[in-house]
Every structure is written in C-alpha cells, then in structure tokens.
C-alpha cells in the first residue's frame, strides 16, 4: 500500500472519531472536508508518496481554502495552477452555512494564507513536483468550525484552540494520534509548524519521535507581521535552519 492510501485510511478513521464528537456553543456548524471534498484530498495525497524530509503543519482548514478544495491551505488558484488539481467534484457539507458556501473550484474568494504559502513554495521551487520531492503540507485538525460571534448572530471562523477545555482535549487526543501515524509513514527529519499553535501541538504529539520541530511565521492576514514581506521573512527563517 502506498503512502497516499495509508494516509487516506488514517483520515477516514480520524473522520469517524471526530464525527462522533459534539461541540457546544458558540460553535454552530462544523465542516469536514475530508468527507465532502474527498476527491480534492485524494488528488492532493498523490504528492505524499515517497519519504519526505520536511513536513509543514498548519492548524485547520480555512473557509476559502481547504474547506473549498480538500487541500491544506488550498486557495483555489494555487490548487488549479500550481498543484494542477482540476476536475474534482466537491460536494456540499452537512448543515452548510449560507455565509460560508462551498463552491469548490468555482469559489471566487481567495484565501490569503494559502495564496501566500503556495505562492512562496512556487517562488522557491518552481514546480509542485520539485517541492513535493522532499516536502509535504498537512493540517493538524481537519475540521472547520463556524461560530456565532455576537448578538447579531453573525458567524465567523472559529479556531480549535478556542474550543471548551474538554472538547479541545478530546479533539487533540485524536489529532495527535493521527499526526503521529502520518509522521511514521512519511519519516521526515523536520516538522515546521506554520505558526505557534501547530508548533506547540507537534511538540506535544511527537515527543519521543526522532525529528526536529521548528516554526515559521503564519501567513494569515490576521497577523500584522505577515502583512509586510511575509515571504522574505519566512525565507530567512528557513535559510537559518538550512532548509532552503
């Protein structure tokens, strides 16, 4: 069984466990792109075959990225033009929120984090094939959480670190286990957390596994540091680690 099939099986097992969980308010809706965006995920996982030197780890799907395409940081233009993933059938998630519709590759919104991340890798490596020869990108948690944000019932993206303690503990237990199993398959030398959360989860989840955990600046526009020369800052971080 090749890596892609092994990882897909792990994701199916993880999905089953997570779908048995319940999340309390303010969480209103949970999307699981491992299920409804499976075709995009399967095409992405073809890049996982072979041993990887570096794993880049994100937090969880963004509403205009992986939630649309099934690809980590999967901004639509990057998925189509850099990863060359096209002709995929993305279904609608259960209890779809009309403020966050899933349009698949027809989504007109651009996820800035994904645009920056995949654009950076394209600028460094040129092609997806050259990038994936030694690298791979994962998300720690596969679920997108949407929550009420105020008295006007407006809905916003809600990150897993803000869940209630018991829910967070159970979620982390399942995601830690899945991450360890994937790392054993890909056998990287380095795991690079994309932001503080991913680095912290990797440090806890991968204790006792022989690899080096470090981090880079998250490309989210919510981070003031990321809105000016993000790519140059990350290039310096990776050069200091001798990774590019």
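Any read-out appearing in this document is the output of simple, stated calculations on the displayed coordinates, not a laboratory observation. For clarity, every value in this text was computed on a predicted model and none was experimentally measured. Heads up, the Cβs are rebuilt from the backbone with ideal geometry, glycines too, and the neighbour counts pull from every protein chain shown.
Based on DSSP H runs of at least 4 residues, each adding -39500 (n - 2.57), what is the mean residue ellipticity at 222 nm of the chain after dividing by all its residues, to the nearest 500 deg cm²/dmol?
-12000 deg cm²/dmol, from helical runs alone.
Provide the FRET efficiency to the nearest 0.05 for the residue 96-residue 242 pair, computing r from the beta carbons and using R0 = 51 Å.
0.70
Between region 93-152 and region 193-244, what's the alpha-carbon centroid distance in Å?
Measuring centre to centre over Cα atoms gives 17 Å.
Counting only DSSP beta bridges with both residues in region 3-239, tell me the antiparallel percent, nearest 5.
Around 35 percent antiparallel, to the nearest 5.
Let me check against my output: what whole-number percent is the relative contact order of the chain, with C-alpha pairs under 8 Å and at least 6 apart?
24 percent
Among 187, 111, which comes first, then next, by fewest other beta-carbon atoms within 10 Å?
With the sparsest Cβ surroundings first, the list reads 187, 111.
For 169, 108, what ranking results if the residue with the fewest other Cβ atoms within 10 Å of its Cβ goes first?
The most exposed by this proxy come first: 108, 169.
What ranking do 62-70, 46-54 get when scored by the average of other Cβ atoms within 10 Å per residue, highest first?
So the peptides 62-70, 46-54, ranked by packing, come out 62-70, 46-54.
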